[in-house]
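Below is one structure, written out as structure tokens, with a few remarks after it.
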Amino acid sequence: MKRFIAMLIVAILLIGASTLLYFKFFKVTNSQKIKEEKPLETIDNFDYKLQKRDRSLYKNEFLNLKNILEKDEIDYDEYAKSISKLFIIDLYTLFNKENKYDVGGLEFVYKDIIDNYKLNVENTLYKYLEDNVNNDRKQQLPIVKSIDIVNFEKTTYKIKNKMQEAYKVELKWDYEEDLDYDNKGTIILIKEDKYLYIVEKNSDYTKQTSYENS
């Protein structure tokens, strides 16, 4: 009888431990769930997508990017300007984000630094973003209403211990309502294969100029 009880206790402990591991490592919490929707628009031979929740400023610039990238010959200067605008619009329009984990601009960031970028934004710009999974958020949040290129130039950038050609884009933007968020910043982009990627962003809010592990 004692042996049976001991085996039962061990079984219960094993089940409990397995359940704990499941919830800790495999089950996604409600606050981290991000709704996935079918894109409204895509770009031939590129992975960029326009979503239903994107506002008119982003939609118009996305169509401009689509026009740039679907030409027989891509103008990389215009490509750099366009995704710089899209990145800023998406990052700083917090109004349409589900929660702090729903970080804007991910599709434009260099793949090797996405994790650093996302974590940085979650812990700074998006830190106090309330969850809106149930569509009941009352929080007042910024919406970018206009954006302009202040300066554009070609430069060099060191990544993976190698200097390579890059683009430096300075921007300024305005909001539908001023809530004391950034309104200017500088972006650095590099080219890899046919894509341009953002490798650095400099702004007052994040206090972070590079997301690369060095």
Regarding Gln139, is this residue free of Cβ contacts under 8 Å to residues at least 12 places away in the same chain and farther than 17 Å from Leu196 by Cα?
-> yes
Residues of the range 124-148 being of a type outside the set (Ser, Thr, Tyr) and either closer than 15 Å to Lys201 by Cβ or assigned to a helix (DSSP H, G or I) (or both), in sequence order, are Leu125, Val144, Ile147
Taking the range 27-60 and the residues there that are open to solvent by less than 50 Å² (accessible area, probe 1.4 Å) and at pLDDT below 95, the one that is farthest from Asp72 (Cα to Cα) would be Ser31
Filtering the range 95-131 down to residues that are within 18 Å of Glu176 (Cβ to Cβ), free of Cβ contacts under 8 Å to residues at least 60 places away in the same chain and not small (Gly, Ala, Ser) yields Phe95, Asn96, Lys97, Leu129
Scanning the range 73-123 residue by residue, those polar (S, T, N, Q), part of a helix (DSSP H, G or I) and open to solvent by 10 Å² or more (accessible area, probe 1.4 Å) turn out to be Asn96, Asn116, Asn120
* Asked: Quick one: would you say Ile147 is under 24 Å from Thr124 (Cβ atoms), modelled with pLDDT under 95 and not small (Gly, Ala, Ser)?
  -> no
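The values are calculated or read from the model by the stated rules, or taken from the named source; none is laboratory data. All of these numbers come straight from a predicted model, not from anything done at the bench. Glycine gets a Cβ as well: all are built from the backbone with ideal geometry, and neighbour counts include every protein chain shown. Heads up: the accessible areas ignore ligands, DNA and RNA and are worked out on the full protein's heavy atoms, side chains in. Shrake-Rupley method; radii C 1.70, N 1.55, O 1.52, S 1.80 Å.
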